[in-house]
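Single-structure report; data block below.
The values are calculated or read from the model by the stated rules, or taken from the named source; none is laboratory data. Here the structure is a predicted model, which means the values were calculated and not measured. Backbone-built Cβ (ideal geometry, glycine too); neighbour counts: all protein chains shown. Calculation scope for accessible area: heavy atoms of the full protein, side chains included, ligands and nucleic acids excluded. Shrake-Rupley method; radii C 1.70, N 1.55, O 1.52, S 1.80 Å.
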Amino acid sequence: MPKVTVDGIEIEVPQGATVLQACELAGKEIPRFCYHERLSIAGNCRMCLVEVAPGPPKPQASCALPAADGQTIRTDTAMVKKAREGVMEFLLINHPLDCPICDQGGECDLQDQAIAYGRSFSRFEENKRAIDDKYMGPVIKTSMTRCIQCTRCVRFSSEVAGVNEIGMLYRGEDSQITSYLEHAVTGELSGNLADVCPVGALLQKPQSFESRPWELRKVPAIDVMDAVGSNIRLDVRQRQVMRVLPRINEDVNEEWISDKTRHHVDALVRGRLDRPWLREKGKLREASWQEALTVFADKLKKAGPKVAAIAGDLLDAETMYAAKKLLEGQGSNLLEGRQTGLTYDCTSLSAVAFNSTIAGIETADAVLLIGSNVRWEAPLIATRVRKVARKGGKVFAIGPETDLGMKVEWIGDDLKILARLPKTVKDAFGAAQRPAVIVGPGALAAGGLGAALALVEPLDLIKDGWNGFNVLHVSASRMASLIIGYAQPGGLADIEAANPELAILLGADEMPADRLKGAYKVYIGHHGDKGTKQADLVLPGAAYAEKHGTYVNTEIRVQRGEKAAFPPGEAREDWAILRAVSDLAGRKLPFDNFDQLRAKLVKEFPELGRDGLIDLPWAPPKLKAKAEGPIRYPIGDFFLTNAICRASPTMQRCSEELVKGMQFKEAAE
């Protein structure tokens, strides 16, 4: 490892590290605009200048200079300070004085570094140039006169998002960043462009002129839009969540989130259920809580053990546990979390988990996707698989061909291919040190779990320190529901066969209306969506941002989100509704507050009381290895997968423009 001296401090740095990284290891802060830890090096802003000996007697760009043994690096000399001030002067030649009206104000890298290295005067008298704003779609707003051509957005689009739609036109003073033919950027990670932009050139369009960062209260939370469990931060003003930002977690989402995660927040104040509703003569009418709970309790007592609970995709573990205890008091175990009708075997959690881990999958050198449109099902896992492809690893896929934003070799769309994989796949996996298979929801729905498990030995997926068998779920509540017991051997069909008189739909908006027809349906949820249309009694619950909750992601990682706001109107937290009705029904649940509920949950399921990965032994069930039939992806529209998204104007616009291909004219047109 090379030894370098930074401002008199001698340190060892990893082989291949840059001078900038060496300075940071020594505790020195180096200003930068174009450099980003997760993107390739461009070296075009020149803000990170340092003095290096041996070397030419002039400042050098530390981001693009390899650290070498014996180097003496100075970051605090007069020459370095003068050079950085000169670079800042150049950057500000054309930058407009927009800070008072710029949404980036208060979070702007250029603003911060101008305080440290900006001069109080400018030697340039020429007119400032101006560039027309570009159209980049419903998520990104542009103000291109502010752009300093750092090219972070270009590199992010091609390297992380897998969408080569942003580039630079012209040369010199005429340089400008634009999307291809000024069309909308089609990636599902485009909201991150505003995060990587160090100035106010790219901004979040849905949140434009809505708030200032210093007036927002910051609350850590867990994303429920998919099963990745991205770590997010909810920024709240008074009782409203104003925006969602990513929190850094190297093991889960790094520092990215999808557009669906970021921009669904406008739905948290739209289409909400804020009072109980009771169906009479086919129509819903408003009801008081007392009346609604009395009806619920009467139906509960009358149904006896013939009561079922169906868990939705956005639920926390505590709500599911409270509902389970309510049913246990009735003598029922009719619990199901796979509301769309999936019936795969759940006797071994390790056989339906993402065993390579989300961070570990990027170290694979051969990946086979089975029935997975990973780009829509888990965009943050797609970024990891994209790294495999960029490093030269082979990525194969079975399923209908679609654009995954990486180089993929498609080998068919029928499950019978698993019984006779092509020679190219066998050769690639035979030479791989860390082979991996990802079984998506398309394969699970087609009954392909057994056939996928049969590949473990032929493809040598499990080795010392490596388990390459992965199942990718799309529901945030799925793994917690399986742990708690929301799984019948035959899925929803088993629930229907039991002929329940009462069905409690816990945010189960995706359950088809023709299921459980003979049951009295009680819907507990937060939006007036598909669930309310089939329910006989509607009780307003809390969305994920309005309650504390425990979530388990697809790799069986236990995480916790905090309450950021209060439910609207008369809505109450789901567990409190279940606790109240249990009292009226004469079978009071054994907790009076959330802390007691969580303590009961952890006592019965100790694995849910520890943050981090649950360690499961590999014990796959013996399933039928033969499978055939075409694969179909369950997600037809990335932006409209749940009740919250369907209530979001931003998600509706994204769906219309980016999925359905509708065109919208701008004001100037």
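Quick one: plug the Kirkwood hydrodynamic radius of region 318-428 (C-alpha pairs) into Stokes-Einstein at 10 °C, 1.306 mPa s, and report D in µm²/s.
Using the Kirkwood radius from Cα pairs, D works out to 95 µm²/s.
Using only DSSP helix segments of four residues or longer, with each worth -39500 (n - 2.57), what per-residue ellipticity at 222 nm results for the chain after dividing by its residue count and rounding to 500?
That comes out to -6500 deg cm²/dmol.
Toward the positive end of the charge dipole of the chain, about the Cα centre and with charges on Cβ (Lys, Arg +1; Asp, Glu -1), which of Ala322, Pro379, Ser230 goes farthest?
The residue sitting most towards the positive pole is Ala322.
How large is Rg/Rh for region 129-245, to two decimals, with Cα atoms and a Kirkwood Rh?
1.00
If you take the Cα Rg of region 402-502 and divide it by 2.2 N^0.38 Å, with N the number of residues, what do you get?
1.34
Could you tell me the accessible area of Trp410 in Å² (1.4 Å probe, neighbours in place), rounded to the nearest ten?
Surface accessible to solvent at Trp410 totals approximately 50 Å².
Please name which of Gln21, His183, Ala497 has its Cα lying farthest along the dipole of the chain towards the positive end, using unit charges on Cβ (Lys, Arg +1; Asp, Glu -1) and the Cα centre as origin.
Ala497
Taking the Cα centre of region 52-179 as the origin and placing charges on Cβ (Lys, Arg +1; Asp, Glu -1), which of Gln113, Ala83, Ser157 is farthest toward the positive end of the dipole?
Checked the options; the winner is Ala83.
Which ³J(HN,Hα) values, rounded to whole Hz and listed in residue order, are derived for region 561-571 from phi using the Karplus coefficients 6.51, -1.76 and 1.60 in 6.51 cos²θ - 1.76 cosθ + 1.60 with θ = phi - 60°, glycine and proline given as x?
Computed from phi, the couplings for region 561-571 are x, 10, 6, 9, 8, 9, x, x, x, 8, 5 Hz.
Kindly state, as a whole number, the per residue volume in cubic angstrom of the convex hull around the alpha carbon atoms of region 275-381.
Taking only Cα atoms, region 275-381 has a hull volume of 188 Å³ per residue.
Where q = 0.15, 0.18, 0.21 Å⁻¹, what log10 of I(q)/I(0) comes from the Debye formula for region 245-293, counting one point per Cα?
Debye output, listed in q order: -0.63, -0.69, -0.78.
Hey, any idea what the orientation-averaged projected area of the convex hull of region 25-156's Cα atoms comes to, in nm²?
Convex hull of Cα atoms, orientation-averaged projection: 9.9 nm².
On alpha-carbon atoms, Rg over Rh for region 433-587 using Kirkwood Rh?
Reported Rg/Rh (Cα atoms, Kirkwood Rh): 1.05.
Highest first, please rank the peptides 199-205, 133-139 by the mean number of other Cβ atoms sitting within 10 Å of their residues.
By packing density, highest mean first, the sequence is 199-205, 133-139.
Accessible area, 1.4 Å probe, largest first: how do Lys281, Lys394 sort?
I get Lys281, Lys394, largest accessible area first.
How large is the charge dipole for region 115-178, taken about the Cα centre, if only the Cβ atoms of Lys, Arg (+1) and Asp, Glu (-1) carry charge, to the nearest 20 debye?
240 debye
Between region 321-364 and region 504-523, how many Å separate their Cα centres?
Here the answer is 19 Å between Cα centres.
Name the residues whose placed amide hydrogens come within less than 5 Å of the amide hydrogen of Ala627, ignoring near sequence neighbours (fewer than 5 apart) on the same chain.
none
Hey, what do the phi angles of region 575-592 turn into as Karplus ³J(HN,Hα) couplings, whole Hz, using 6.51/-1.76/1.60 and θ = phi - 60°, x for Gly and Pro?
These are the phi-based 3J(HN,Hα) values: 4, 5, 5, 5, 5, 5, 6, 5, 5, 5, 7, x, 10, 5, 5, x, 7, 10 Hz.
Pairs of alpha-carbon atoms within less than 8 angstrom and 6+ residues apart define the contacts here; what relative contact order does region 1-123 have, in percent?
25 percent
Determine Rg/Rh for region 549-651; Rg is computed over alpha-carbon atoms and Rh is the Kirkwood hydrodynamic estimate from the same atoms.
1.07
In whole Å, how far is the Cα centre of region 401-459 from that of region 81-114?
50 Å
Take the Cα gyration tensor of region 1-83, multiply each eigenvalue by 5, square-root it, and list the three semi-axes largest first, rounded to whole angstrom.
Over the Cα atoms of region 1-83, the semi-axes work out to 17, 16, 11 Å.
Peptides 618-625, 107-114: what's the order by average Cβ count within 10 Å, highest mean first?
107-114, 618-625
Give me the angle, in degrees from 0 to 90, between the Cα long axis of helix 594-604 and the longest principal axis of the Cα atoms of the chain, rounded to the nearest 10.
80 degrees
For the chain, list log₁₀ I(q)/I(0) at each q in 0.06, 0.11, 0.12 Å⁻¹, using the Debye formula over Cα point scatterers of equal strength and ignoring solvent, two decimals each.
Results for the chain at q = 0.06, 0.11, 0.12 Å⁻¹ read -0.39, -1.16, -1.31.
Have a look at region 69-131 and give its Rg and Dmax from the Cα atoms, expressed in angstrom.
Final numbers for Rg and Dmax: 14.7, 48 Å.
Run the numbers on the chain and let me know its relative contact order in percent, using alpha-carbon pairs under 8 Å that are six or more apart.
Relative contact order of the chain: 14 percent.
Please give the charge dipole size of region 424-548, origin at the Cα centre, charges +1 on K and R Cβ atoms and -1 on D and E Cβ atoms. Round to the nearest 20 debye.
Dipole about the Cα centre, nearest 20: 140 debye.
So, with +1 on the Cβ of K and R and -1 on the Cβ of D and E, and no other charges, what is the size of the charge dipole of the chain about its Cα centre, to the nearest 20 debye?
Using only the charged Cβ atoms, the result is roughly 920 debye.
Check cross-link reach from Lys325 to the lysines: straight Cα distance under 19 Å, and skip same-chain residues fewer than eight apart.
Lys299, Lys301, Lys302, Lys306, Lys521, Lys588, Lys600, Lys603
Helix 78-91 versus the longest principal axis of the chain: what is the Cα-based angle in degrees, 0 to 90, to the nearest 10?
70 degrees
Sort 574-580, 591-597 for me by packing, meaning the mean count of neighbouring Cβ atoms within 10 Å per residue, highest on top.
In descending order of packing, they fall as 574-580, 591-597.
Can you classify region 82-185 as rounded, prolate or oblate using the Cα gyration tensor, where a ≥ b ≥ c are the square roots of its eigenvalues, rounded means a/c under 1.5, and otherwise it's prolate if a/b beats b/c and oblate if not?
prolate
Angle, helix 317-330 long axis vs. longest principal axis of the chain, Cα atoms, 0 to 90°, nearest 10?
Here the helix axis deviates by roughly 0 degrees.
To the nearest Å, what is the center-to-center distance of region 209-236 and region 557-580, using C-alpha atoms only?
17 Å
Please list 3J(HN,Hα) in residue order for region 465-472, calculated via the Karplus relation 6.51 cos²θ - 1.76 cosθ + 1.60 where θ = phi - 60°; whole Hz, with x for glycine and proline.
x, 8, 10, x, 9, 10, 10, 9
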